[in-house]
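K.L.:
Provided herewith is a single structure, encoded as structure tokens, for subsequent inquiry.
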Amino acid sequence: MNHVSSIVSLRELVRSKDKKIVKISPRGYALRNGIDYCCIVLKSRDGTDFMIQAHGKDARELYEEGILMTTVVNSRH
């Protein structure tokens, strides 16, 4: 089984053009056990929701990528 990173998954979903990021968990959010956690929710035009989750270092990187993507998209409008 191949592991696809959360960032690759996010890029693929956003690239489809019919999905947009509607929620990103707060920066520095951690689970009760202290592990960093990030969740990004996307919504497609047909109303389908998508959720990408990551933990630890991947969570920090996913958060940064999500923020960057929303900044780039918002600057185009």
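K.L.:
If each residue of separation counts as 0.36 nm, what is the full-extension length gain between Val4 and Glu61 once their alpha-carbon separation is subtracted?
P.N.:
19.1 nm
K.L.:
Measure nothing fancy, just the Cα-based angle from helix 6-15's long axis to the longest principal axis of the chain, in degrees from 0 to 90, nearest 10.
P.N.:
10 degrees
K.L.:
Still on this structure, I have one more. Can you tell me the order of 39-47, 61-69 when each peptide is scored by its average per-residue count of other Cβ atoms within 10 angstrom, highest first?
P.N.:
Numbers: 39-47: 14.7, 61-69: 18.6.
For the peptides 39-47, 61-69, the packing ranking is 61-69, 39-47.
K.L.:
Of the lysine pairs in the range 6-76, how many meet both conditions: Cα atoms under 19 Å apart, and a spacing of 8 or more in sequence or different chains?
P.N.:
Numbers: Lys17/Lys43; Lys19/Lys43; Lys20/Lys43; Lys23/Lys43.
Going through the range 6-76 pair by pair, I get 4.
K.L.:
Zone of Val72 (label point 7 Å along Cα→Cβ, backbone N under 11 Å): which residues in the range 4-25?
P.N.:
So the set is 11-12, 14-15.
K.L.:
Separate question: Rounded to the nearest 10 degrees, what's the angle between the helix 57-76 long axis and the longest principal axis of the chain, both from Cα atoms, 0 to 90?
P.N.:
On a 0 to 90 degree scale, this one is about 20.
K.L.:
Given +1 on the Cβ of Lys and Arg, -1 on the Cβ of Asp and Glu, and no further charges, what dipole in debye does the chain carry about its Cα centre, rounded to the nearest 20? If you can, show how the numbers build up before the last one.
P.N.:
Details: 13 positive and 9 negative charges, 48 e Å.
So the magnitude is around 220 debye.
Since every read-out is calculated from the coordinates, none of them should be taken as a lab result. Everything numeric here is computed off the predicted structure, so don't read it as measured data. Neighbour counts run over all protein chains shown; Cβ positions are idealised from the backbone, glycine included.
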